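Here, each number is a calculation from the coordinates, and none is a lab measurement. All of these numbers come straight from a predicted model, not from anything done at the bench. Because the Cβ atoms are built from the backbone with ideal geometry, glycine has one as well, and the counts that use them run over all protein chains shown.
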Amino acid sequence: MPIEYSNREKSYELYRKGKQEGTWDPDHYDLEDDKEDWEQFSEAEQNRFLATCAGFYDGEEDVTRTLAPYMMALDALDNDEMPFDTVQEEMYLAQQVYEEAKHTDLFSRYFEEVFGTQNTDPYREGGYQEHGYSTDNLYDTADELLAAINSGDQQELVYSLGEAYLNYMGIVEAQLARSGYLSFDQMIDLKAKEMGRDIVLESFQESIGKVRQDETRHIENGRWVMKQLAIAEPDIVQDVYEPRIEEYVENRLLADVPMEMPFEGYDQAKIGKQTTQYLQDTIDYIGRERFEEYSDVRQVVQTARAAD
Ligand SMILES: [Fe+2]
Ligand SMILES: [Fe+2]
């Protein structure tokens with residue numbers, strides 16, 4: 001038995017937490033009231049809300065389809081040489097892939113029953129997904145992991161896993177998805193206020209609350225593994241983590257993405273501030289002293305803006 005059950009690591013603790021929290025069912029939500037609310041949205045509001053939802057629907061499918069190679073790569077690592085138990089992490093990911101499938105399931109149901117379509121293409125066009133850092137990248141990441149597994153080279157495996165975790169858990173989950181939740185919160189709050197209500201799209205907010213709870217575990221596990229990989233190969237921070245972070249900062253945090261915003265009072269700057277803090281949280285978890293360029297993200301962003 002490869003797992004020492006008296007020595008449970010972070011990933012195993014998160015797996016146990018997921019057994020308790022991750023048992024919700026997308027089919028459990030009644031969407032009839034949401035459908036009525038949705039008809040109260042103007043066409044421009046619907047298109048803007050759908051742009052973010054389309055990014056999520058596609059993104060949840062992308063993460064479901066590309067996670068399996070992570071488990072295979074962990075299994076190809078020499079467990080005795082690593083500062084963490086790769087088998088406990090594989091168990092964690094087995095749970096995560098099920099949860100991602102359930103998130104895809106939720107969006108597919110919501111698109112069908114509330115939005116009345118399964119086609120995300122018209123809403124993705126010009127949407128946030130298309131700007132600089134898309135979940136489409138996850139397919140390349142998965143291919144690179146498979147190549148590293150075939151090479152059998154341990155350092156290549158560690159580096160490829162580091163890049164994969166940074167892309168998937170560090171950027172797509174911790175940055176892109178979480179900024180999407182902040183956007184949903186604002187759009188829904190503003191619409192409710194306009195309609196003189198406490199809440200609109202109540203089942204959406206409730207079920208997305210469950211998705212967010214799952215994602216909090218995925219993100220924490222990802223940060224923990226990135227830290228373990230940095231302990232195993234300290235150069236991974238400069239060679240892999242910082243270049244990917246730079247790409248994200250330049251294409252997302254520093255880029256002004258022009259998007260029509262029909263929800264009056266929407267505060268994009270507030271979301272930018274919060275997502276900058278999320279990135280700092282990831283860096284702090286890995287250990288900011290390990291970073292050269294990006295130990296203080298706010299500083300980097302301010303310096304770049306001042307130079308513009
Ligand atoms: Fe998800
Ligand atoms: Fe996730």
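Of note:
- The alpha carbons of the stretch 31-307 occupy a box of 59, 44, 29 Å along the principal axes, longest dimension given first.
- Springs join every pair of Cα atoms under 10 Å in this Gaussian network model of the chain, and among Ser11, Ser151, Ser203 the largest mean-square fluctuation is at Ser151.
- What the Cβ-Cβ distance of Lys270 and Leu146 gives, at R0 = 45 Å and to the nearest 0.05, is a FRET efficiency of 0.65.
- Cα long-axis angle, helix 202-232 against the chain (0 to 90 degrees, to the nearest 10): 20 degrees
- Eigenvalues of the alpha-carbon gyration tensor of the stretch 1-80, scaled by 5 and square-rooted, set the equivalent ellipsoid semi-axes at 40, 18, 9 angstrom, largest first.
- Ranked from largest, the principal axis spans of the Cα set of the stretch 35-172 equal 59, 28, 21 Å.
- Just checking the listed ones, Ile199, Ile286, Ile219: in the Gaussian network model of the chain with Cα springs under 10 Å, the one fluctuating most is Ile199.
- Residue of Thr282, Thr216, Thr86 that the Gaussian network model of the chain assigns the largest fluctuation, springs spanning Cα pairs under 10 Å: Thr216
- Shape call, the stretch 59-130: gyration tensor on alpha carbons, a/c limit 1.5: prolate
- Cα shape, the stretch 186-308, gyration tensor, a/c 1.5 rule: oblate
- Loop-located trypsin sites (Lys or Arg not before Pro) in the stretch 157-199 whose Cβ has at most 13 other Cβ within 10 Å (DSSP): Arg197
- On the beta carbon distance between Val257 and Glu43, with R0 = 25 Å, the FRET formula returns roughly 0.75.
- Under the simplified labelling scheme, the Ala68-Asp33 pair shows an inter-label distance of 4.0 nm, with each label point 7 Å from Cα along Cα→Cβ.
- Translational diffusion coefficient (Stokes-Einstein; Kirkwood radius from C-alpha pairs) of the stretch 114-236 at 10 °C, 1.306 mPa s, in µm²/s: 93 µm²/s
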